[in-house]
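Below: one structure, written as structure tokens.
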């Protein structure tokens with residue numbers, strides 16, 4: 001199945017999920033509430049993620065059998081017990097119905113509880129605070145705010161709050177062989193340049209899409225990373241790239257006839273994340289727990305930390321504090337062979353870093 005065919009299949013799955021909301025098994029109040037939630041919270045998410053949210057919330061509403069807005073703590077507790085005991089289901093095409101086939105895994109149960117908690121966070125901090133739908137936040141900004149809000153009183157202590165951040169481990173990072181294999185599968189020059197700029201330059205996705213041609217100094221092999229008025233807390237910095245990527249980036253700029261004032265024309269974060277997963281699957285790479293484009297940036301910093309590069313040097317290179325590196329990134333004990341392989345990936349960046 002090709003990449004476009006997968007996208008079409010995901011869209012059809014999402015359309016099927018929306019049709020389930022209209023099947024009459026849930027009340028009108030919940031149908032409208034879930035529709036608003038999908039429009040606002042799901043803005044910018046891929047179709048398969050939105051479909052999963054809709055199907056699971058439809059299941060919650062059917063089991064609750066009353067409006068979400070009028071649920072009590074007792075109702076939420078009963079819903080949590082239902083999540084703990086409900087078996088996993090799949091669709092039987094011959095019988096044309098959903099059938100149970102095994103118990104849900106602990107990960108699935110946790111994900112269902114997180115979604116239920118998320119719904120009530122949205123109700124408390126967005127739906128109730130702003131009745132006018134057009135004035136509410138949508139997409140990434142809404143998700144960013146809700147992620148840091150505490151659970152409402154209704155679900156507090158009933159569904160235990162899980163920490164929203166965790167420290168990344170070696171299992172979340174690319175190995176040197178995986179980096180090479182994924183790179184070899186990238187046949188689109190634009191996608192390859194975007195992904196490698198983030199991985200080899202350790203840029204954030206927003207920083208990479210904002211880079212202009214005039215910000216790139218090919219003589220010294222460095223990029224000046226600037227920040228908008230919204231990111232005043234971040235300082236302007238310079239990041240280095242290796243000589244192999246220099247040739248590839250010059251080829252990309254020449255092929256697209258970009259001028260000094262032009263940005264590099266990279267696509268959105270959502271598109272690049274999908275493309276990265278596609279290339280990883282094509283290369284037969286193991287399934288990482290949290291595979292996304294930011295993983296490339298984290299892998300880059302992990303390499304530098306594991307090799308014993310000075311913390312202050314890494315902080316300046318990555319554009320964040322030492323505390324952030326200690327909390328969310330890892331070091332490690334590497335053999336000389338490991339270090340040689342990492343150096344082959346980073347190329348002559350290390351010479352620039354001293």
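The values are calculated or read from the model by the stated rules, or taken from the named source; none is laboratory data. This structure is a prediction, so every number in the text was calculated from the model and none was measured. Cβ placement follows ideal geometry from the backbone for every residue including glycine, while neighbour counts extend to all protein chains displayed.
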Q | Residues within the range 182-203 that are crowded, with 20+ Cβ neighbours inside 10 Å and not in a helix (DSSP H, G or I), tallied | A | 3
Q: Kindly indicate whether residue 58 is within 22 Å of residue 14 (Cβ to Cβ) and more than 19 Å from the chain's Cα centre (by Cα).
A: yes
Q) Quick one: which helices (runs of 4 or more DSSP H) sit completely within the range 278-351 and have at least 1 residues that are at pLDDT 70 or above and assigned by TED's automatic domain parsing to the domain that holds residue 184? A) 294-306, 311-318, 336-346
**Q.** Check on residue 97, over 23 Å from residue 152 (Cβ atoms) and at pLDDT below 80
**A.** yes
**Q.** Search result, residues across the range 73-89 that are touching a residue at least 60 places away in the same chain (Cβ under 8 Å) and either surrounded by 14 or more Cβ atoms within 10 Å (Cβ to Cβ) or under 18 Å from residue 106 (Cα atoms) (or both)
**A.** 76, 77, 80
Q. Filter the range 260-286 for residues that are out of contact with any strand residue (DSSP E or B) (no Cβ under 9 Å at 6 or more places or on another chain) and exposed (fewer than 12 other Cβ atoms within 10 Å of the Cβ); which is nearest to residue 195 (Cα to Cα)?
A. 268
